[in-house]
Amino acid sequence: MYYNASQPKLVVMLIELLQLSCHMNTQKDEGIVTIPSTHSVDQTVDRLETILQSKGVKLFALVDHSGEAAKGGLKMPPTKLLIFGNPKAGTPLMLATPSIALDLPLKILVAQDSQGKVWISYNNPEYLKERYGLPQDLLPNIAVVEKLAAQAGEQFDNPGQVQF
């Protein structure tokens, strides 16, 4: 895409992001795990927030990609990114391999596809272990994302009762 000086840079960036997203749907997402959610995007995000709060895990940011797209005059299905972590888990990882800070805090993407299905995506902990050469004994510090995502997407009466 070519930049037209009459278009705000943010709009151009969002259009390019949407084009990349469409392209990514047709390619292999190495190192990314995607699982279905039985809830809407907002319900899934609420469940994730409840679980994080009940476990004393800090939610650093909630990025509403679709909300920001709408502010730029663009439409996209509901898409939200949660950025969260715990210094007790993350610090040992960064001490062992400082470059893992590029992928910390942990992130979970909750997005609705064009057919209305909601998906939860996150970095595969094994992939991150291999990417950064993490020692096996530190894998549980990031593997918690798997249970968190799975339990947020499933039908549970009380997501705050998640066991890690």
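A short reminder: the numbers here are calculations on the coordinates, not readings from a lab. As the structure is a computational prediction, the values presented were derived from the model and not from experiment. Backbone-built Cβ (ideal geometry, glycine too); neighbour counts: all protein chains shown.
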The answer for the net charge of residues other than ILE35 whose Cβ lies under 14 angstrom from its Cβ, with Lys and Arg +1 and Asp and Glu -1, is -1
Computed ³J(HN,Hα) along region 40-50: with the Karplus parameters 6.51/-1.76/1.60, θ = phi - 60°, integer Hz and x for glycine or proline, the list is 5, 4, 4, 5, 5, 4, 4, 5, 4, 4, 5
Quick calc: nm separation of the 7 Å Cα→Cβ label points for LYS117 and ILE32 -> 1.5
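For a quick check: sort SER40, SER114 by the number of other beta carbons within 10 angstrom, fewest at the front.
SER114, SER40
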Residue span GLN43 to LYS71: 0.36 nm per residue of separation minus Cα-Cα distance leaves a gain in nm of 7.9 nm
Once amide hydrogens are built 1.01 Å from N within the peptide plane, the residues lying 5 or more places from ASN124 or on another chain with amide H under 5 Å from its amide H are ILE32, VAL33
